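Before any comments, here is the structure.
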Amino acid sequence: EKEALQRFVGKKTVTADGCQVELFGNIGSVEDARAVVDNDGEGVGLFRTEFLFMDGGAMPTEEEQFRAYQQAALIMKGRPVIIRTLDIGGDKDIPYLGLEKEDNPFMGFRAIRYCLAREDVFRTQLRALLRASAFGDVRIMVPLVTGVEELRQVRALIRRYADEFSREGVACNKDVPVGVMIETPAAALMADALAAEADFFSIGTNDLTGYTMAVDRGNDRVRYLYSAFNPAVLRSIRSVIAAGTAAGIPVGMCGEAAADPLLIPLWISFGLTEYSVGPASILATRAAIAGWNHEEARALAEAVMGAVTPDAVLDLLKAAAR
Ligand code: PEP
Ligand code: MG
């Protein structure tokens, strides 16, 4: 099977009817960026920067962060590198940040909520990202967004730090694209408003599934509900892609569902333009995308979106699997 995938090396990512999409890799470190290149990825769709913070015993300095982001940009040689701002809290604890224990950490003080409250931490990261933006196609992505104010606040900070740099004569891209992860039901419902102000979307199906289904995926009793095959999750994803497309911004997906060959015909028919998957899944995802043309994908999606249970969805997708 691995050998069969080798014929997709060096190829564009296209549907069977010739529509090109982007196929990026998810990374958590600079070494992972090399794995994206080795697996013929076309960019980085999600750099999970929290690992830079989790690996050491102290906060990475601006210089340390800059070097990591710069290296990722250089390794990708001008191809897109979407870097997510710090997404801690929830299940990702970092002892030195001194986060208080919460009864409901997934609903609590995490990700962009934390960063907007800790301007010192956020400033260091945004400055490092801005400096790295001079070395490639760096784009900034904001996790766990719930509404437009958060995006506006992030943009205002980026503008302020970019102005500081321009006064100091430090190179940076003051027009660095700023996108949002769509991974809360609130963001999905506000997708039209967010699309008017964001440069791009990336759908985080891991969290979006959990929050949409009100399920903690670590809880064995309810894990059966944790599935992107739920019609509620699929409807949400479909409407987010439609909203982004209507506003003319690129819509990607960086959760696990982006690499699921059963679901790929749905993403094709909904109009997803960018897939970001683990480096080891890049070629298999390119192969899966090549197996579908829009007409067949649309016919399947129409049947699937008429189904009202996850089992019915799964049956239809399995019966059609390539
Ligand atoms: C997601 O939620 O789908 C996602 C890609 O982010 P993470 O898995 O890091 O929460
Ligand atoms: Mg997430």
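The values are calculated or read from the model by the stated rules, or taken from the named source; none is laboratory data. Owing to the predicted nature of the structure, the values given are computational and were not obtained by experimental measurement. Using ideal geometry, Cβ is built from the backbone for each residue, glycine included, and neighbour counts are taken over all protein chains shown.
Among the residues making up region 110-138, a single one is among the basic types (K, R), within 16 Å of ligand 1 (Cβ to nearest atom) and either part of a helix (DSSP H, G or I) or in contact (Cβ under 8 Å) with a residue 40 or more places away in the chain (or both): R113.
You will find that of D207, D199, D192, the residue that is within 16 Å of ligand 2 (Cβ to nearest atom) and surrounded by fewer than 24 Cβ atoms within 10 Å (Cβ to Cβ) is D207 and no other.
Can you give me the number of residues within region 1-49 that are modelled with pLDDT of 95 or more and outside any loop (DSSP other than H, G, I, E, B)?
Of region 1-49, the ones modelled with pLDDT of 95 or more are 5-49.
Cutting the leftovers down to outside any loop (DSSP other than H, G, I, E, B) gives us 5-8, 14, 20, 22-27, 30-38, 44-48.
The qualifying residues number 26.
If you take the residues in region 50-75 that are outside any helix (DSSP H, G or I) and either in contact with an Asp or Glu (Cβ under 6 Å, 6 or more places away or on another chain) or among the hydrophobic types (A, V, I, L, M, F, W, C) (or both), which one is nearest to D120 (Cα to Cα)? Filtering region 50-75 for residues that are outside any helix (DSSP H, G or I) and either in contact with an Asp or Glu (Cβ under 6 Å, 6 or more places away or on another chain) or among the hydrophobic types (A, V, I, L, M, F, W, C) (or both), the one nearest to D120 (Cα to Cα) comes out as M59. For T205, the criteria (1) at pLDDT 95 or above; (2) closer than 15 Å to M107 by Cα hold in every case but one, which is (2). Only residues that are among the hydroxyl-bearing types (S, T, Y) and crowded, with 21+ Cβ neighbours inside 10 Å were counted across region 33-73, and they come to 2. The condition (being in contact with a Ser or Thr (Cβ under 6 Å, 6 or more places away or on another chain), within 16 Å of ligand 1 (Cβ to nearest atom) and within 30 Å of D260 (Cα to Cα)) is satisfied by just one residue among A228, A214, A191: A228. Pairing residues of region 309-322 that are more than 8 Å from L262 (Cα to Cα) with residues that are exposed (fewer than 13 other Cβ atoms within 10 Å of the Cβ) and not aliphatic (A, V, I, L, M), at Cβ distances under 6 Å and at least 6 apart in sequence or on separate chains, gives no pairs at all. Region 225-298 holds helices (runs of 4 or more DSSP H) entirely within its bounds, and those carrying 3 or more residues that are within 14 Å of Q20 (Cα to Cα) map to 264-270, 282-290. Quick check: anything in region 170-179 modelled with pLDDT of 95 or more and over 22 Å from S133 (Cβ atoms)? No: region 170-179 contains no residue that is modelled with pLDDT of 95 or more and over 22 Å from S133 (Cβ atoms).
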